[in-house]
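In what follows, a single structure is set out as structure tokens and then discussed.
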Amino acid sequence: MNDNRLGTAVSPYLRLHADNPVDWREWGPDAFAEARERDVPVLVSIGYATCHWCHVMARESFADPEIAELLRRDFVAVKVDREERPDVDASTMAAAAAFTEQLGWPLTAFMTPDAHVFFAGTYSPPTPVDGHPSFRQVLGAVQDAWRDRRDEVDANAASLAGAIRQGAQSAGSADPDRGLPSRAQVHGVVQALDQAEDREYGGFGGAPKFPSAPLLEFLADAGTDGAPGARALADRTLRVIASSDLTDPDGGVFRYATRRDWSVPHYERMLYDNAGLLAIAPPAQARGIADFLRDTLRRPDGAFVAGQDSESTIDGRRVEGEWYRRPLADRARLAPPPLDDQVLTGWNGLAIRGLAIAGARSGDDEMLRLARDAADAVIAAHLRDGHVVVRSSTAHGTSSAPPTVEDLGLFAEGLVELALGTGDVAYATTARSLVTDGLAGTLTVDPVLVAAGTGTGEQPQTALRSGTVALASAAVTVATLTGDDAMRAAAVALVAGRAHAGVDRPLGHADALGLTLALHRPSREIVVVATEPGAFRSVAAAARRPGTLVVTLTPAQATAWAAAGFTLLESRDALDPAAYVCHDRVCALPARSADDLATQLASD
């Protein structure tokens with residue numbers, strides 16, 4: 001009997017498996033209670049809707065009635081969407097690292113009924129290949145160990161869970177006296193990255209090659225902070241990404257290239273990669289990415305969905321990459337690859353941030369409009385009274401998955417940048433509420449992970465800006481706007497441990513290093529108050545660097561910001577136009593023209 005319970009799931013990835021003969025359950029206490037009652041292990045299979053190898057394993061193994069029968073008899077099978085449940089994915093990844101260095105998706109983990117991992121791997125083929133066992137063989141070996149070496153399985157699982165618990169506690173316990181790494185230490189990271197550059201093809205390392213937007217943004221920040229060669233290194237990498245096969249003719253960027261020369265992309269396209277690159281890409285590249293977000297990932301309500309699949313159906317066959325290899329004119333006659341239609345609060349925050357920064361920098365009002373529309377859509381659907389209550393939603397409803405620090409941090413940071421770029425105080429007020437929530441540590445923790453003691457918190461990020469760092473960044477900006485020094489101190493404490501880790505391992509903590517540079521600088525504020533900001537806006541935007549806040553307002557908006565408690569804007573509505581260059585909220589005499597502002601900034 002098929003007892004698959006994914007038919008009512010919100011997640012698009014889970015719905016893709018609703019017709020499998022496997023008796024899938026969603027993650028939750030009920031699945032583990034069933035395993036405890038039956039005394040069987042839990043198979044936890046983690047992936048996401050646009051994951052090519054997840055599709056392959058589904059066709060090869062999860063659609064196989066004989067494998068489905070093995071799973072029904074000897075396991076409780078649980079499907080997890082890593083986008084919907086990053087907490088479960090992070091915990092399982094931490095455990096899986098004990099069994100394989102080739103981490104990725106699909107991630108296949110076997111757990112005790114207490115949710116302790118005792119074996120894990122990634123994709124398994126249907127038949128043995130080059131020494132890799134088949135999925136059927138993996139299931140048999142796991143079942144043999146469960147039946148014949150149960151004491152060993154339980155002891156190893158408990159030991160691994162203890163190691164994860166200890167690691168999570170160490171990562172979460174910041175030394176209040178340690179502070180941040182020095183600017184010299186952070187600049188030293190740039191030298192190490194310069195040595196690691198692929199001199200022939202650009203970027204870093206061999207195959208596969210990733211765009212690594214957080215790393216490139218750190219290099220751009222370090223360049224404006226005076227680190228020799230940092231900006232040039234970022235620009236070289238951005239140019240090769242833009243000119244390589246990694247960038248589609250429609251402007252969208254694929255998740256990674258499978259070869260060292262940036263060729264043969266892994267064709268799925270994720271919102272987070274493209275949104276992250278927007279914040280640092282040169283104008284033409286940013287415009288192409290914005291067009292892709294607008295034309296492909298944008299819903300009618302303005303929110304952005306999570307990604308576009310690598311596979312499409314052509315001539316009745318499901319094939320990877322073929323649609324993307326066709327000329328743009330030919331694509332219009334074919335059904336495009338499907339979308340992962342999940343709207344994620346955090347990922348939309350990242351897109352809002354990128355669009356707001358790129359739009360303000362280039363004076364592109366459409367980018368600001370796209371950012372505003374996305375913010376309004378997510379606020380309406382995922383927030384209540386200024387608090388995030390929904391992480392994920394689709395046309396099928398809202399997910400029960402709890403919001404994470406990614407949602408609070410990335411969305412708060414996106415709203416801050418949107419407020420600074422548009423002058424709309426409502427976005428700043430909501431961002432302040434989210435920062436307050438995030439610093440208060442009120443997020444819900446999954447009950448299964450709590451009981452197992454294996455909640456890891458947010459893990460190092462390579463492709464996606466860290467929610468923890470974004471929360472700290474938004475807190476610094478709100479503190480500058482309000483004069484709340486305690487909030488700035490909380491931000492330092494939040495990011496310090498990650499920044500020290502980044503000195504040795506920059507790929508996973510590059511964003512923390514960028515924020516560290518901003519925190520080392522005396523705060524500089526550039527406030528433009530003008531009914532027609534015109535040239536003021538471009539001069540101020542060009543002065544953006546770590547530690548510099550740029551805000552452009554009309555006199556009426558300045559009045560509204562001051563009334564909302566953003567005290568930096570008090571008494572800034574008397575002159576129109578005027579621009580103020582301030583250091584730690586102490587401002588010089590107002591500049592009455594763009595030329596005067598440029599002169600003040602040149603001597604700063």
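The values are calculated or read from the model by the stated rules, or taken from the named source; none is laboratory data. Quick caveat: nothing in here was measured; it's all calculated off a predicted structure. With ideal geometry, Cβ positions are generated from the backbone for all residues, glycine too; neighbour counts draw on all protein chains shown. When the accessible area is computed, the model is the full protein with side chains, heavy atoms only, and any ligands, DNA or RNA have been set aside. Shrake-Rupley method; radii C 1.70, N 1.55, O 1.52, S 1.80 Å.
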In whole angstrom, how far apart do the alpha carbon centroids of the stretch 237-311 and the stretch 415-455 sit?
-> 27 Å
With each pseudo-label sitting 7 Å past Cα toward Cβ, what's the Asp235-Ala395 distance in nm, one decimal?
-> 4.5 nm
Probe 1.4 Å, all protein chains present, accessible-area order of Leu293, Leu328, largest first = Leu328, Leu293
Rounded, prolate or oblate: which fits the stretch 227-353 when a ≥ b ≥ c are the square roots of the eigenvalues of the alpha-carbon gyration tensor, with rounded for a/c under 1.5 and prolate only if a/b beats b/c?
-> oblate
Run the 1.4 Å probe and let me know the accessible area of Met57, rounded to the nearest 10 Å².
-> 0 Å²
Can you figure out the FRET efficiency of Arg5 with Asp130, using R₀ = 30 Å and their beta-carbon distance, to the nearest 0.05?
-> 0.25
Quick one: order Leu410, Leu575 from most to least accessible surface, probe 1.4 Å.
-> Leu575, Leu410
So, with +1 on the Cβ of K and R and -1 on the Cβ of D and E, and no other charges, what is the size of the charge dipole of the stretch 521-580 about its Cα centre, to the nearest 20 debye?
-> 400 debye
For the stretch 276-334, the Debye formula with one identical point scatterer on each Cα and no solvent gives log10 I(q)/I(0) at q = 0.13 Å⁻¹ as -0.46
Positive-end residue of Thr237, Gly252, Phe119, charge dipole of the stretch 115-255 with Cβ unit charges | Phe119
Residue-span extension gain [Ser243 to Thr442] - 0.36 nm each, minus C-alpha spacing | 67.2 nm
Working note, the stretch 90-216: Cα radius of gyration (Å, one decimal) and Dmax (Å, whole number) are 20.2, 56
If every Lys and Arg gets +1 and every Asp and Glu gets -1 at its Cβ, then about the Cα centre the chain yields a dipole, in debye to the nearest 20, of 720 debye
Any idea of Thr100's accessible area? Nearest 10 Å², probe 1.4 Å.
-> 30 Å²
Counting alpha carbon pairs within less than 8 Å and at least 6 residues apart, what relative contact order, in whole percent, applies to the stretch 526-604?
-> 33 percent
Calculated FRET efficiency, Arg333 and Asp291, Cβ-Cβ r, R0 25 Å, to nearest 0.05?
-> 0.75
Relative contact order of the chain, defined on C-alpha pairs under 8 angstrom at six or more residues apart (%) | 12 percent
Full extension from Arg165 to Gln185: what is 0.36 nm times the residue separation minus their Cα-Cα distance, to one decimal in nm?
-> 4.2 nm
From the residues Ala377, Gly321, Gly288, which one has its Cα farthest along the dipole of the chain in the positive direction, the dipole being from +1 and -1 charges on Cβ of Lys/Arg and Asp/Glu about the Cα centre?
-> Gly288
Counting only protein heavy atoms and leaving out ligands, DNA and RNA, the solvent-accessible surface of Glu458 at a 1.4 Å probe, in Å² to the nearest 10, equals 40 Å²
Using a/c under 1.5 as the rounded threshold, could you call the stretch 561-604 rounded, prolate or oblate? The axes a ≥ b ≥ c are square roots of the C-alpha gyration tensor eigenvalues, and prolate needs a/b larger than b/c, oblate otherwise.
-> oblate
For the stretch 404-548, state what percent of all Cα-Cα pairs lands in each successive 5 Å bin, counting from 0 Å until the bin that includes the largest distance.
-> 2, 10, 17, 20, 20, 15, 9, 4, 2, 1, 1, 0
Starting from the Cα of Arg260, step 7 Å along the direction of its Cβ; do the same at Val450; then give the gap between the two resulting points in nm.
-> 5.0 nm
Per the 1/(1 + (r/R0)^6) rule, R0 = 30 Å and r from the Cβ atoms of Asp198 and Thr100, FRET efficiency to 0.05 is 0.70
How many nm is it between the label spots at Asp365 and Arg318, if each spot is 7 Å from the Cα in line with the beta carbon?
-> 4.6 nm
Option label - Rg and Dmax of the Cα atoms in Å computed here, alternatives [x] 32.9, 106; [y] 24.7, 82; [z] 27.5, 110 | [y]
In Å and from the alpha-carbon atoms only, list the Rg and Dmax of the stretch 376-425.
-> 11.7, 35
Only Lys, Arg (+1) and Asp, Glu (-1) charged, at Cβ; the stretch 461-569 dipole about Cα centre in debye = 260 debye
Want the number for Arg521 to Asp485: 0.36 nm per residue separation, take away the alpha-carbon distance, what's left?
-> 11.5 nm
With the Cα gyration tensor of the stretch 40-115 giving a ≥ b ≥ c as the square roots of its eigenvalues, does the rule (a/c under 1.5 for rounded; else a/b larger than b/c for prolate; else oblate) give rounded, prolate or oblate?
-> oblate
Largest to smallest principal axis extent of the C-alpha atoms in the stretch 514-581, angstrom | 34, 28, 13
Under a 1.4 angstrom probe, counting protein chains only, how are Arg488, Arg331, Arg147 ranked by accessible area, largest first?
-> Arg147, Arg488, Arg331
By Kyte-Doolittle mean hydropathy of at least -1.0 and Cα axial length of at least 30 Å, which whole DSSP H helices of the chain are selected?
-> 150-172
